[in-house]
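First up is the structure itself, then whatever we jot down about it.
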């Protein structure tokens, strides 16, 4: 999920948050982090804690939101990426 949030144009550029109503969610997004293997210097994916649920929800919104100005080709590429991500997630939840 970390890669989805950080790649390409930031979903934050297009979002507006009510600071008071969204305080807990904004805090969770700020705390989101990845587990790391320090010996190999590689990321191991999301650190599943209280912040990861909010980050997962925001990330899904960011990649599934339909922007009316996107081309059909962009939607097709993003739909394929979303389906692949969903398959990987469903295997990792088991």
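Things worth noting here:
- If the condition is being in a loop (DSSP other than H, G, I, E, B) and surrounded by 10 or more Cβ atoms within 10 Å (Cβ to Cβ), then segment 70-84 contributes only 70.
- The set of residues in segment 46-61 being in contact (Cβ under 8 Å) with a residue 24 or more places away in the chain and either surrounded by fewer than 12 Cβ atoms within 10 Å (Cβ to Cβ) or over 16 Å from residue 28 (Cα atoms) (or both) consists of 61 alone.
- All of (1) more than 26 Å from residue 26 (Cβ to Cβ); (2) at pLDDT below 85 hold for residue 78 with one exception: (1).
- Residue within segment 46-69 that is at pLDDT 85 or above, farther than 24 Å from residue 88 by Cβ and in a helix (DSSP H, G or I) present: no
- Selection of segment 10-43 for residues being under 22 Å from residue 64 (Cβ atoms) and surrounded by 13 or more Cβ atoms within 10 Å (Cβ to Cβ) yields 11, 22, 25, 26, 28, 29, 32, 34.
- When the residues of segment 1-25 are filtered to those that are touching a helix residue (DSSP H, G or I) at 6+ places or on another chain (Cβ under 9 Å) and modelled with pLDDT of 85 or more, the one that is nearest to residue 80 (Cα to Cα) is 25.
The values are calculated or read from the model by the stated rules, or taken from the named source; none is laboratory data. Predicted, not measured: the structure shown is a model, and the values here were computed from it. Heads up, the Cβs are rebuilt from the backbone with ideal geometry, glycines too, and the neighbour counts pull from every protein chain shown.
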